[in-house]
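Structure incoming, see below.
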Amino acid sequence: MSKAFVGMPRFPASPAFPEAAHEAVRDTTLRGNLRHATHTIRARRARAVAEVSDWAALREAGRRIKDHTLRHLDRYLVQVEEAVTAAGGTVHWAVDADEANRIVADLVKATGESEVVKVKSMATQEIGLNEALEAEGIHAYETDLAELIVQLGKDRPSHILVPAIHRNRGEIRDIFRSEMKHWGRPAPEGLTDTPAELAEAARLHLREKFLRARVGISGANFVVAETGTLVVVESEGNGRMCLTLPETLISVVGIEKIVPTWRDLEVFLQALPRSSTAERMNPYTSTWTGTTDGDGPRAFHLVLLDNGRTDTLADEVGRQALRCIRCSACLNVCPVYERAGGHAYGSVYPGPIGAILSPQLRGTASDIDASLPYASTLCGACYEVCPVAIDIPEVLVHLRERVAQGGEVTRNGNKVVLRPAKGHAAERAAMRAARWAFSHPGVLRGGQRLASRTRRFHPRALPGPGRAWTGTRDLPPVPAEPFRDWWQRTHGGKEGVK
């Protein structure tokens, strides 16, 4: 499936995560917005999950279904193509972002239209579709409320579920007042920042676009292989409008979104809403299979997107990132995301899942991608809430080793050897020294005793490369006596102690 590796577009001028986060944590308004939103969503999710007595079993079922599908992805992709084609749709294969954008642009131009409406889709954000269509003279209008706010504000999404989470109501009101008139129907006179008025302003602005559009573009939360059915879950109804009113529907979907059967889909339709919006089910669950005379779009195109996913699948540890169902639960419990926000990750995929997904889809050659595996405290909260049991800390450590040590990875379907990233020489030297010391018990014991006896002279902060670590942390104190010596003294060398 993978012929070339281009990867997904990076956010403009994305610095390494530590630099971006350093600026973000100084923004008190941003931190307040994030803290309020993430704590609210987190509390609601906990209550929704607690209602399910077999949540652990549901989580395990989701993990197994995803792992099974990924192991047999070649077979299920062929099954999807056959089912969609039999239902009157057309399947296109896109190896990377450029190919996907070219396919979509050609399909839109073939209709003679210069406008499209979009239901929220992270896959199209990943490949930079809006910008690619703009270059072809095609205007893409986001219809999800949060995505509309981001688009009108010439901004970037900062959260998987709530892309405008970094904005408060006053900021949204100001954006609507100043920008809506340049995109279509202007905001009502005297618009306030009450949620009802903001929602009504968006509804009026978008309604004329829904009724005028002849082409719709979507993603999909899931694709059911046995029937070729696509599924979109959302809360506002904008998706239903995009999926039913246009004459042509184009869906861009990552190849990892497949589930084998409708029975498998049942598991995720229970887990996803509880982990994302803290609801028992989504207000709108839309499904469509090909085309039907007199009902919905007359032409349907499915663009199956690779864009680094096949290479990720080749990594036995990292491939579990492809289980992700984009619920955003990991973002809402992450202490790093809460303080730094989504823009610091330099990717459409922020937070813990972005820290392991982006470096695999894009590679670790850039400063931002090489820094993302380090954008975590490894506290494990993300793993605890993940509804498909992605061990994000395990993958973070795995990717840190790749960045610091280099090694063999798969790129463009071929095995290549990566060189270690710059700036990690001291880390490699420290790890080699630690490995040598731990493999020589006498040396380790001597070092521990020396450290204990000189503890009064130890500095409060580390020098050189370690200065950054102790700049925000206390250096752990060395005990007055090594554990081995204490055990020898108190137990007299019994119970196998040498």
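The values are calculated or read from the model by the stated rules, or taken from the named source; none is laboratory data. Predicted model, so just to flag it, every value in this text is computed and none were measured. With ideal geometry, Cβ positions are generated from the backbone for all residues, glycine too; neighbour counts draw on all protein chains shown. Surface areas here come from the heavy atoms of the whole protein model, side chains and all, with no ligands, DNA or RNA. Shrake-Rupley method; radii C 1.70, N 1.55, O 1.52, S 1.80 Å.
A quick yes/no check of all residues on (1) free of Cβ contacts under 8 Å to residues at least 60 places away in the same chain; (2) under 17 Å from Pro297 (Cβ atoms); (3) hydroxyl-bearing (Ser, Thr, Tyr); (4) touching a strand residue (DSSP E or B) at 6+ places or on another chain (Cβ under 9 Å):
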{"position": "Gly89", "(1), (2), (3), (4)": "no, yes, no, yes"}
{"position": "His92", "(1), (2), (3), (4)": "no, yes, no, yes"}
{"position": "Asp98", "(1), (2), (3), (4)": "no, no, no, no"}
{"position": "Ala105", "(1), (2), (3), (4)": "yes, no, no, no"}
{"position": "Val117", "(1), (2), (3), (4)": "no, yes, no, yes"}
{"position": "Met122", "(1), (2), (3), (4)": "no, no, no, yes"}
{"position": "Leu129", "(1), (2), (3), (4)": "no, no, no, yes"}
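Scan the range 142-181 for residues that are polar (S, T, N, Q), open to solvent by 40 Å² or more (accessible area, probe 1.4 Å) and modelled with pLDDT of 95 or more and report the count. Walk me through how you get there before you give the answer.
At the first step, the residues of the range 142-181 found to be polar (S, T, N, Q) are 143, 151, 158, 168, 178.
Among the residues that remain, those that are also open to solvent by 40 Å² or more (accessible area, probe 1.4 Å) are: 168, 178.
So of that shortlist, the ones also modelled with pLDDT of 95 or more come out as 178.
So the answer is 1.
What's the total number of residues in the range 1-52 that are more than 23 Å from Leu161 (Cα to Cα), modelled with pLDDT of 90 or more and either open to solvent by less than 40 Å² (accessible area, probe 1.4 Å) or of a type in the set (Asp, Glu) (or both)?
Final tally of qualifying residues: 3.
Turning to a different aspect of this structure: Taking the condition of being open to solvent by 10 Å² or more (accessible area, probe 1.4 Å), at negative phi and not acidic (Asp, Glu), how many residues in the range 112-139 meet it?
9
In the range 292-322, which residue that is among the hydroxyl-bearing types (Ser, Thr, Tyr) and open to solvent by less than 40 Å² (accessible area, probe 1.4 Å) is nearest to Arg45 (Cα to Cα)?
Of everything passing the filter in the range 292-322, Thr312 is nearest to Arg45 (Cα to Cα).
Need a quick list: helices (runs of 4 or more DSSP H) entirely within the range 378-488 having at least 3 residues that are closer than 30 Å to Arg274 by Cβ.
381-385, 392-405
Need pairs with beta-carbon distance below 9 Å; first residue within 17 Å of Ala213 (Cβ to Cβ) and within the range 282-302, second assigned to a strand (DSSP E or B) and among the acidic types (Asp, Glu); sequence gap 6+ or separate chains.
Ser286/Glu234
Turning to a different aspect of this structure: Pick from the range 340-399 the residues that are of a type in the set (S, T, N, Q) and open to solvent by 10 Å² or more (accessible area, probe 1.4 Å): which of them is farthest from Pro18 (Cα to Cα)?
Per the stated criteria, the residue is Thr364.
Taking Gly190 and the conditions (1) assigned to a loop (DSSP other than H, G, I, E, B); (2) small (Gly, Ala, Ser); (3) touching a residue at least 12 places away in the same chain (Cβ under 8 Å), which numbered condition does it fall short on, given that it satisfies the others?
Every condition holds for Gly190 apart from (3).
Which pairs turn up if I take residues in the range 444-464 that are without any contact (Cβ under 8 Å) to a residue 40 or more places away in the chain and farther than 15 Å from Pro482 by Cβ and look for partners that are small (Gly, Ala, Ser) and part of a helix (DSSP H, G or I) with beta carbon separation below 9 Å, at least 6 apart in sequence or on another chain?
Listed pairs, sorted by first residue: Leu462/Ala468; Gly464/Ala426.
If you take the residues of the range 211-226 that are surrounded by 18 or more Cβ atoms within 10 Å (Cβ to Cβ) and not aliphatic (A, V, I, L, M), which of them is nearest to Asn282 (Cα to Cα)?
Within the range 211-226, the match that is nearest to Asn282 (Cα to Cα) is Asn221.
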